[in-house]
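Asks: My questions will all concern the structure given below.
The values are calculated or read from the model by the stated rules, or taken from the named source; none is laboratory data. From a predicted model like this one, the values you see are computed outputs, not experimental measurements. Quick reminder, even Gly has a Cβ in these numbers, built from the backbone with ideal geometry, and neighbours come from all protein chains shown. Please note that ligands, DNA and RNA were not included when accessible areas were found on the heavy atoms of the full protein model with its side chains. Shrake-Rupley method; radii C 1.70, N 1.55, O 1.52, S 1.80 Å.
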Amino acid sequence: MAKGSVRKKGRKWYYRFYIEDESGRQVQKEFAGTESKSETEALLRKAMEDYEAKRFVGKAENITVGEMLDLWIEEDLKPSSLSNGTVMAYTAAVKKIKKYPIGSRKLKTVTADHLQAFIDFMSYGGTNPDGTTSPPMSKGYMLQFSAVLQGAFRFAVFPKRLITFNPMQYVRLRGRKEEADIFCGEEAEAVSRPTITHGQYLKLTGFLKDRKNPALLPVQIAYYTGLRIGEVCGLTWQDINLDEQYLTVRRSMRYNGTRHKTEIGTTKRSKVRTVDFCDTLAEILRAAKVEQHKNRFQYGELYHLNYYTAVKEKDRSYYEVYSLPRTAEVPEGYKELSFVCVRPDGMFESAGAVGQVCQKARKQVEGLEDFHFHMLRHTYTSNLLSGGAKPTDVQELLGHSDVNTTMSIYAHATREAKRTSAKLLDKVVGGA
């Protein structure tokens, strides 16, 4: 056990004890206690016990939680094997955390209670320091914030040795309880499913056709395949087999707000999957391919070609996407990509641009006030399940990690489907 003692300097007591430095020599370290001798002696005992267990003394000094998070991003997150999409999401979470008081708190003063209070605030919502209201965060976002703080505080303990223990290990995500009105006389609502009807889909595509908006093709592909917005925009003609009517999802396009670049990377779970499509989409894609060939000739030298280039940063590879006029000199290392979703002049259609068009449709098309692009994926799944598709088949088409994920979101496909299932009992009992 390390040897220690306390002494008084002015009005305050200090405690000190011997530790081994990097060379194995015994050196004395001193720390500020309180104005109470007994309290300072208790701090000494705790510090020595902690040192015996960890064999190092935390050296957080004046570093804040926000500064520690930035350090974690640069030294641990970016060099990790996590996908670029996950790195981007975690970096965005760090930016948000730093806006709250917890971000400016000194790291050495942070306790599990502080972190639990912050996690609860994010989970349940409340009033921000500036008086504004913070709405409750979804479970998905809460898991992301928890993962960031868990990883960063582990990093602060080891290898950085800024603190001697991880207070996040005692923090729990406490979900919000849903209260049901058992005395309500109204009919129970079906489980909320953000989907659109075929009529609403026709309104949306009609709106885009009238404006000759290049977001039309991404919307059509998503409606008939259930692809995510980044996966649709990342498709190339090499990924599409029009003869056998299937496409291969290999990559996803996203805008990296930290690097201010449009990038292509792996899909959400870094898995390649095959999705079959119907005759209707096959005709849409054939027509789009013909139209793009016509535009090449019509625009001539003004037509753009699309490229990607690999960029290394902290042992991490990013694949940036660029559009250049056909006559432009192509920089070394640029490789051409034949994107499916392009504008009339050949420039790639980004996921961000498609999302902005969907926001305009919400404001300008009656019946689409709550529409967002991901509803096309939900609709595709509900249509399949309502039509009798096997949940495991739907799981593979969507690229979910397991069938429970698929069913937990989409089990209640339509009210009509439930009615049909209930009527199956008539056949079983023979109408008796």
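Asks: Within segment 91-118, which residues are in contact with a Pro (Cβ under 7 Å, 6 or more places away or on another chain) and assigned to a helix (DSSP H, G or I)?
Replies: Once the filter is applied, which keeps residues that are in contact with a Pro (Cβ under 7 Å, 6 or more places away or on another chain) and assigned to a helix (DSSP H, G or I), segment 91-118 yields P101, A112, L115.
Asks: Let me ask another. Kindly indicate whether L385 is in contact (Cβ under 8 Å) with a residue 24 or more places away in the chain and either open to solvent by less than 20 Å² (accessible area, probe 1.4 Å) or over 20 Å from L398 (Cα atoms) (or both).
Replies: no
Asks: Taking segment 293-312, which residues are at negative phi and open to solvent by less than 30 Å² (accessible area, probe 1.4 Å)?
Replies: N295, Y303, L305, N306, Y307, T309
Asks: In segment 105-117, is there at least one residue being at pLDDT below 85 and at negative phi?
Replies: To start, the set of residues in segment 105-117 that are at pLDDT below 85 comprises 108.
Now narrow it down to the ones that are at negative phi: 108.
Yes: one or more hits.
Asks: Something else: Can you find even one residue in segment 77-90 that is at pLDDT 85 or above, open to solvent by 50 Å² or more (accessible area, probe 1.4 Å), assigned to a helix (DSSP H, G or I) and of a type outside the set (A, V, I, L, M)?
Replies: no
Asks: Would you point out the residue of segment 371-396, among those that are assigned to a loop (DSSP other than H, G, I, E, B) and at pLDDT below 90, that is farthest from G199 (Cα to Cα)?
Replies: K390
Asks: May I ask you to verify whether K363 is out of contact with any Gly (no Cβ under 7 Å at 6 or more places or on another chain), in a helix (DSSP H, G or I) and surrounded by fewer than 19 Cβ atoms within 10 Å (Cβ to Cβ)?
Replies: Yes; evaluated as a whole, the condition is true for this residue.
Asks: Would you please list the contacts, defined by Cβ atoms under 6 Å and residues six or more apart or on different chains, that run from a residue in segment 313-339 that is open to solvent by less than 90 Å² (accessible area, probe 1.4 Å) to a residue that is of a type in the set (K, R) and assigned to a loop (DSSP other than H, G, I, E, B)?
Replies: R316/K78
Asks: Still on this structure: Could you tell me whether S104 is loosely packed, with under 13 Cβ neighbours inside 10 Å and without any contact (Cβ under 8 Å) to a residue 40 or more places away in the chain?
Replies: Values: loosely packed, with under 13 Cβ neighbours inside 10 Å: yes; without any contact (Cβ under 8 Å) to a residue 40 or more places away in the chain: no.
Judged against the criteria, S104 is not a match.
Asks: Ok, one more. Within segment 22-34, is there a residue that is at pLDDT 85 or above and over 30 Å from L143 (Cβ atoms)?
Replies: Yes: segment 22-34 contains one or more residues that are at pLDDT 85 or above and over 30 Å from L143 (Cβ atoms).
Asks: Out of E283, E291, E336, which single residue is of a type outside the set (K, R) and either at pLDDT below 95 or in contact with a Phe, Trp or Tyr (Cβ under 6 Å, 6 or more places away or on another chain) (or both)?
Replies: Result: E336 is the single residue among E283, E291, E336 that is of a type outside the set (K, R) and either at pLDDT below 95 or in contact with a Phe, Trp or Tyr (Cβ under 6 Å, 6 or more places away or on another chain) (or both).
Asks: Shifting gears a bit: Limited to segment 197-245, what total is found for residues that are more than 18 Å from L398 (Cα to Cα) and among the β-branched types (V, I, T)?
Replies: Result for segment 197-245: 3.
Asks: Right, next: So which residues in segment 119-131 are assigned to a loop (DSSP other than H, G, I, E, B) and over 17 Å from I97 (Cβ atoms)?
Replies: G131
Asks: If I229 passes every condition in (1) free of Cβ contacts under 8 Å to residues at least 12 places away in the same chain; (2) within 19 Å of R343 (Cβ to Cβ); (3) under 22 Å from the mean Cα position of the chain (by Cα) but one, which one does it miss?
Replies: (1)
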